[in-house]
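Below is one structure, written out as structure tokens; comments come after it.
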Amino acid sequence: MVGMRDVARRAGVSLSTVSLAVNGTGYVAESTRARIEEAMAELNYVPNELARNLFRGRTNLIGVTIPTVAHPFFAQLTASLQRHLHDAGLRMMLCSTADQERGESEYIDMLKRQMMDGIIIGSHTNQRPEYWQGIGRPVVAFDRFLGEEIPSVCSDHVQGAHLAARLLIESGVRHVVEIGGPRSQFHDLAEAQTADGSFESVLSAAADAVTDVNDTTFPTVRYHLTFEREMAAAGVRCDYVSVEHVSDTSLFERAAEEVFRRFPDTDAIIAPDLAAAHCVRLALRELRDADTRGSRDVGRRIPDDLQIIAYDGTPVADLAGMRVTSVHQDLDAIAVKLVERMKEAIADEHASESAASESVSASAVDVYGTADAPAQVAASCDLVPVTLMRGETTR
């Protein structure tokens, strides 16, 4: 196998000069660099990328955790992330936590051992803020608040809630049903547990537990709480049907069926794309069945009797046969912002390491906080605007 020593002999230079030229770590005269490159071409020498990156203290590898690749939202986000990481000279190592036994912990171990340059956390985690702050390596969160020092990128869910609520209220709806993820993941709601430990009405629990939609570690709850409060202020009844596991796409269909079974009087539904598409399909099927039977009960016509809004805005929302009104999250802009924040975090880490190496003394830092001063969860993040895309399913 051809190595640097062979290149050095062919070019008539020292091994260290070849190393400087290949790794870009020092000055090499242009004429000398040209001889080295010519020797490399003649010998078909290919630099060992792994060894070069390790020499630089870099792997150019970024870990990304998501709940599942089976869900269209996360599949589309992953595709955008991979493209923008590549454009930034970085590679992606993907972890679908629902499909990988160790999931997040394995990636954190790799990060600590410097087998990755950083990690983007896009999956739900039960780790406390001090855990993430104690890692001491680049971490960026998507739709999560992991700690004060952890950069976070989120869609503007409060804006999304306002847009959807305004549309429905102005159209005169009386009873809205939300479909969403398990409320147990909205950390604040643990405070709203009843004496027997069960979660009661989402509306009352949310209203009692959270006085400010910013007081949460799970940004998506901002959308639900804001939407519910605006519905309540307008005198509109609001119910909630939960999808307990986002990784099981069949549960979105079951949730849609539950809405139609439990709430036959609802005149509006707001749901993730998959569930919204199933709701459209079920409503259209009701009409076909009624027409076939010649029944006077003609079912609910979209959008006259039943309005449907999808929250995400992926193409899957339109697969049921109608162009669905949607709150569109800009996944490409989210990916761009996540990559920007990761590059900044890596640069900050290298700057800190350089400063530390030049320091003549070091002091211990308590990254875990104390009982009197615990680590706090971040209160804000980079917000990416959402857009209301009008379709055929709202008035």
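Below, the figures for the structure above:
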read-out: Top-ranked residue of the range 234-266 - restricted to ones that are touching a residue at least 60 places away in the same chain (Cβ under 8 Å) and aliphatic (A, V, I, L, M), ranked as surrounded by the most Cβ atoms within 10 Å (Cβ to Cβ); value: 256
read-out: Criterion: surrounded by fewer than 21 Cβ atoms within 10 Å (Cβ to Cβ), of a type in the set (Ser, Thr, Tyr), touching a helix residue (DSSP H, G or I) at 6+ places or on another chain (Cβ under 6 Å) and assigned to a helix (DSSP H, G or I) - qualifying residue of 80, 105; value: 80
read-out: Of residues in the range 165-188 being within 21 Å of the chain's Cα centre (by Cα) and in a helix (DSSP H, G or I), the one modelled with the lowest pLDDT; value: 188
read-out: Any chance residue 252 is modelled with pLDDT of 95 or more, under 21 Å from residue 395 (Cβ atoms) and not aliphatic (A, V, I, L, M); value: no
read-out: Test set (1) modelled with pLDDT under 90; (2) under 30 Å from residue 315 (Cα atoms); (3) part of a loop (DSSP other than H, G, I, E, B) - residue 95 fails condition number; value: (3)
read-out: Residue in the range 363-386 that is part of a helix (DSSP H, G or I), surrounded by fewer than 11 Cβ atoms within 10 Å (Cβ to Cβ) and modelled with pLDDT under 95 present; value: no
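Rundown of residues vs (1) among the basic types (Lys, Arg); (2) in a strand (DSSP E or B), yes/no style:
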site: 222; (1), (2): yes, no
site: 226; (1), (2): no, no
site: 231; (1), (2): no, no
site: 239; (1), (2): no, yes
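The values are calculated or read from the model by the stated rules, or taken from the named source; none is laboratory data. A quick note: this is a predicted structure, and the numbers were derived from the prediction, not measured. Using ideal geometry, Cβ is built from the backbone for each residue, glycine included, and neighbour counts are taken over all protein chains shown.
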